[in-house]
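Right, one structure below, let's go through it.
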């Protein structure tokens, strides 16, 4: 393996070995705390524009299983402590390093991911570069920004997915970078799903006469998606709406609320979320922005909060047939504790439950 460097925007340099595709990459450096599910992480479109650190020290031990992919890789680079080159799993098709090469993702191994994670927790998310030669100055690294990433990961055309078994409902999924398990979670419950690009107008969505609308996860700063926000304004109150992750944030902005960037975000399959007046769930998350619940007073009701930092994890909008969550009830990869929210969505479409 060739020598590689991870150069941080604060000037810190980590030396390691190059893995994956040749060349260099520049992105926003973030970490995920999942102990498993590296394939779902690598194929989650919400990581667009980012270099991802896996905090678990050994990655690649069960190889690559294409059936487990959640979408097309959109991340910029990959950082691991140790890359396993001898995967052991009966479902494995090939090694992780080969996957990174196929997808054009440069990476680095042999670095202290624990130190990296502690640095980000203390200083906050920062930009970084994976390269084979140290840059003369850091201006290019510091000046990088993640922009226009939803347009890079949304589907290019309308796609339909039949229900499993008897058809119960028709759902339009607005794809801001949707994970495949959102679609699976709906089709398994008897929903015929039509996924449409993020550029689809509200009028076009309503012309499909859906029983409900799903607003998907996705990458980047929610506030820059002004077109999507305007369409959601026209959709809220017309049919039942369920928003996940970026869909949660965009709905809040459409309802007149505000969002803020978190110091280092929530990424991983072990994030504790408390339901207001209820139990605590372990959830799967991947986001760097959060809804400011107080900005929606008199409009929405906060339903879930993060048990670690108290940030908003869910909203409901009384009288508008709309509820949203920051976490991923479809999990992949993570616990399935909150899968019941899809059943709540179905109950809303059937008139058995109101937001």
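Readers should treat all values here as calculations from the given coordinates under stated rules, not as data from a laboratory. From a predicted model like this one, the values you see are computed outputs, not experimental measurements. Glycine gets a Cβ as well: all are built from the backbone with ideal geometry, and neighbour counts include every protein chain shown.
Which angle from 0 to 90°, rounded to the nearest 10, does the C-alpha axis of helix 226-235 make with the longest principal axis of the chain? Helix 226-235 sits roughly 30 degrees off the main axis of the chain. The antiparallel fraction among DSSP beta bridges confined to the range 150-349 stands at about 60%.
Rounded to the nearest 0.05, what FRET efficiency do residue 297 and residue 1 have when you use their Cβ-Cβ distance and R0 = 51 Å?
Details: r = 55 Å, r/R0 = 1.07.
My answer for the efficiency is 0.40.
Quick one: pull the percentage of alpha-carbon pairs in the range 150-349 with a separation above 22 Å. Counting pairs separated by more than 22 Å, the tail of P(r) holds 41 percent.
Relative contact order for the range 3-142: 37 percent, from Cα pairs under 8 Å spaced at least 6 residues apart, divided by residue count. Entry note, the chain: the mean residue ellipticity at 222 nm calculated from DSSP H runs of n ≥ 4, each adding -39500 (n - 2.57), is -5500 deg cm²/dmol after division by the residues and rounding to the nearest 500. The listed peptides 116-122, 164-170, ordered by packing as a protection proxy, come out as 116-122, 164-170 (highest mean of other Cβ atoms within 10 Å first).
Between the Cα long axis of helix 340-349 and the first principal axis of the chain there is an angle of about 30°, rounded to the nearest 10.
The label point for residue 86 and the one for residue 230, both projected 7 Å from the Cα toward the Cβ, are 5.9 nm apart. From the mean inverse distance of alpha carbon pairs (Kirkwood) and the Cα radius of gyration, derive Rg over Rh for the chain. Reported Rg/Rh (Cα atoms, Kirkwood Rh): 0.97. The mean sequence distance of close C-alpha pairs (under 8 Å, at least 6 residues apart), as a share of the length of the range 150-349, puts its relative contact order at 18 percent. Distance between the modelled labels on residue 148 and residue 10, one decimal in nanometres: 3.2 nm (7 Å Cα→Cβ projection).
With the convex hull built on the Cα atoms of the range 3-142, state its orientation-averaged projected area in nm². Mean shadow area of the hull around the Cα atoms is 7.5 nm².
How long are the semi-axes of the equivalent ellipsoid of the range 166-268, taking √(5λ) for every eigenvalue λ of the Cα gyration tensor, in whole Å from largest down? Don't skip to the answer; put the middle values down first.
Details: eigenvalues 106, 57, 22 Å².
Whole-Å semi-axes of the equivalent ellipsoid: 23, 17, 10.
Spatial offset of the range 1-42 relative to the range 161-235 amounts to 33 Å, using the alpha carbon center of each.
Taking 199, 226, 43 as the candidate residues, the one with maximal mean-square fluctuation in a Gaussian network model of the chain, Cα springs under 10 Å, is 226. The long axis of helix 113-123 is offset from the longest Cα principal axis of the chain by roughly 60 degrees.
Taking every Cα-Cα distance in the range 283-355 and sorting them into 10 Å bins from zero, the calculated P(r) comes out as 19, 46, 32, 3 percent.
In whole percent, what relative contact order does the chain give with Cα contacts below 8 Å and a gap of six or more residues? Value for the chain: 15 percent. Of all the options 66, 230, 203, the one that moves most in a Gaussian network model of the chain with Cα springs shorter than 10 angstrom is 203. Comparing 77, 16, 314 in a Gaussian network model of the chain where C-alpha atoms under 10 Å apart are linked, the largest mean-square fluctuation is found at 16.
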